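Inspection log for the structure reproduced underneath, given as structure tokens.
The values are calculated or read from the model by the stated rules, or taken from the named source; none is laboratory data. Here the structure is a predicted model, which is why all the values come from computation and not from measurement. Reconstructed Cβ throughout: ideal geometry from the backbone, glycine too, with neighbour counts over all protein chains shown. Quick note on the areas: whole protein, heavy atoms, side chains included, nothing else; ligands and nucleic acids left out. Shrake-Rupley method; radii C 1.70, N 1.55, O 1.52, S 1.80 Å.
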Amino acid sequence: MNHFLSMKDLSEHELLRLIKESEELKETGIEPINRKLFAANLFFEPSTRTKMSFTIAQRRLGLESLDFNSDTSSVQKGETIYDTARTFEALGASVLVIRQSEEEILQPLADGLSIPVINAGDGKGEHPSQSLLDLLTIYQEYKKFTGLNVAIIGDIKHSRVARSNAYALSTLGANVYLSSKPEWQDSTLRFPYISIDEAVDKCDVVMLLRVQHERHQENDIINKTEYLDSYGLTIDREKRMKEHAIILHPAPVNRGVEIADSLVESGKSRIFKQMENGVYARMAIIKTLLENRGIIDAEIIGERTALVGR
Ligand code: NCD
């Protein structure tokens with residue numbers, strides 16, 4: 001693992017290692033890396049949770065976070081994303097976190113850099129760090145993935161979260177089901193589609209997705225109440241979920257659209273736990289990449305003390 005771009009690239013072993021590493025960081029904490037290292041956070045699309053939890057993860061690891069505002073940067077003068085990334089590398093960043101709207105540019109960008117690149121969401125492509133925190137949340141609940149029934153429900157076609165989770169969960173042996181309004185199905189994801197009613201009856205994990213209004217065309221416009229009744233998690237449907245089943249949502253939540261307002265903070269909801277887990281999952285990703293690249297020394301870090309330079 002040299003970059004963190006797609007859940008498709010990771011084996012079962014690598015996924016399980018990252019989940020364990022996240023858990024261990026949550027349980028034991030970590031002493032900061034001593035030598036000053038910089039992490040560049042390049043967000044070309046809006047973000048609250050992902051950006052903030054990457055920043056907190058970096059600070060907990062002792063890295064200095066370099067913030068970047070695309071509105072006031074040279075991107076406004078026509079500088080490309082690649083040249084912006086190369087600039088941060090030249091300035092001395094040791095790791096790059098990037099969110100931007102195109103699906104095919106990260107691999108070539110990563111190939112052109114000598115530092116690890118973390119995909120923090122690439123358009124409708126993937127969102128692997130969100131997926132890792134979702135996996136951690138599921139693992140904390142069930143201590144396994146094999147045989148678990150997981151339904152990913154909602155705006156599948158426009159969701160990068162759906163894609164990363166479908167890939168990773170199937171690698172880990174879960175039974176992945178998709179559920180969506182017919183127009184928002186995605187034929188490139190080869191998993192069975194079921195109705196939301198079937199999903200709540202049979203699944204251990206009910207993962208809802210935000211309706212991605214900002215990625216929609218005119219014919220995607222929905223009536224919110226009708227959408228909730230036909231495709232969302234209503235109070236009645238929640239009552240039919242299995243006793244032990246849990247509700248996930250990557251947030252931000254459209255309350256009353258994909259999920260009834262009162263269910264966001266209900267007993268089965270793990271939505272805020274997902275956010276909490278995001279910090280540890282992102283610490284694990286950064287730490288693993290820096291170790292794998294020899295930017296920090298795995299053994300020294302293991303002893304929670306110092307590091308060697310890159
Ligand atoms: C997700 C994203 O940006 O893809 N949000 C997040 O990172 N927590 C999900 C979404 O916006 O719907």
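Post the alpha-carbon centroid distance, the range 250-265 to the range 171-189, in whole angstrom.
When both Cα centres are located, 20 Å separates them.
Using modelled amide H (1.01 Å from N, peptide plane; none on Pro or chain starts), what sits under 5 Å from the amide H of Glu258, excluding residues fewer than 5 places away?
Close amide H contacts, sequence-distant or interchain: Val211.
Once the Cα atoms of the chain are picked out, what are the Rg and Dmax in Å?
In Å, with Rg to one decimal and Dmax whole: 19.4, 58.
Can you tell me the order of 16-24, 238-246 when each peptide is scored by its average per-residue count of other Cβ atoms within 10 angstrom, highest first?
On the way: 16-24: 18.9, 238-246: 14.2.
Packing proxy ranking, top to bottom: 16-24, 238-246.
Give me the accessible area per residue for the chain, probe 1.4 Å, as a whole number in Å². Could the numbers behind the result be given before it?
On the way: 13160 Å² over 310 residues.
Each residue of the chain exposes 42 Å² on average to a 1.4 Å probe.
In what order, largest first, do Thr48, Thr288 sit by accessible area if the probe radius is 1.4 Å?
Details: Thr48 90, Thr288 20 Å².
From most accessible down to least: Thr48, Thr288.
What ³J(HN,Hα) values, in whole Hz, does the Karplus curve 6.51 cos²θ - 1.76 cosθ + 1.60 give for the range 11-23 when θ = phi - 60°, with x put for Gly and Pro?
3J(HN,Hα) across the range 11-23, in whole Hz: 7, 4, 4, 5, 5, 5, 4, 5, 5, 4, 4, 4, 4.
Search the structure for amide H atoms under 5 Å from the amide H of Leu37, placed 1.01 Å from N in the peptide plane, and list their residues when 5 or more places away or on another chain.
Glu64
Which of Lys144/Lys181; Lys20/Lys242; Lys157/Lys242; Lys51/Lys287; Lys124/Lys144 have a Cα-Cα distance over 25 Å? Don't skip to the answer; put the middle values down first.
Numbers: Lys144/Lys181 30 Å; Lys20/Lys242 27 Å; Lys157/Lys242 27 Å; Lys51/Lys287 17 Å; Lys124/Lys144 28 Å.
As for pairs spanning more than 25 Å Cα to Cα, those are Lys144/Lys181; Lys20/Lys242; Lys157/Lys242; Lys124/Lys144.
From the phi angles alone, apply the Karplus equation (6.51, -1.76, 1.60; θ = phi - 60°) to the range 263-278 and give each ³J(HN,Hα) in whole Hz, x where the residue is Gly or Pro.
7, 4, 10, 7, x, 7, 6, 10, 5, 7, 5, 4, 4, 4, 5, x
In deg cm²/dmol, rounded to 500, what helix-only [θ] at 222 nm does the chain give when every DSSP H run of at least 4 residues adds -39500 (n - 2.57) and the total is split over its residues?
Numbers: 11 runs with 122 residues, N = 310.
Calculated from helices alone, the mean residue ellipticity at 222 nm is -12000 deg cm²/dmol.
State the dimensionless ratio Rg/Rh of the range 1-96 (Rg: radius of gyration of Cα atoms; Rh: Kirkwood radius).
Working: Rg = 15.3 Å, Rh = 15.3 Å.
Taking Rh as the inverse mean 1/r over Cα pairs, Rg/Rh reads 1.00.
For the full complex of protein chains and a 1.4 angstrom probe, list Leu289, Leu228 by accessible area with the highest value first. Show your work: numbers first, answer last.
Numbers: Leu289 0, Leu228 25 Å².
Sorted descending by solvent-accessible area, the residues read Leu228, Leu289.
Would you grab the residues whose amide H sits under 5 Å from the one on Ile296? Only those 5+ places off in sequence or on another chain, please, with H modelled 1.01 Å from N.
Those lying under 5 Å, H to H, from Ile296 are Glu291.
Output wanted: per-residue J couplings in Hz (rounded whole) for the range 244-260, from phi through Karplus 6.51 cos²θ - 1.76 cosθ + 1.60, θ = phi - 60°, x for Gly and Pro.
After applying 6.51 cos²θ - 1.76 cosθ + 1.60, I find 8, 5, 10, 10, 10, 7, x, 6, x, 9, 8, 4, x, 10, 8, 8, 4 Hz.
For the chain, which whole percent of the accessible surface, found with a 1.4 angstrom probe, sits on carbon and sulfur atoms? Each step should come with its number before you reach the end.
On the way: 6100 of 13160 Å².
Carbon with sulfur: 46 percent of the solvent-accessible area.
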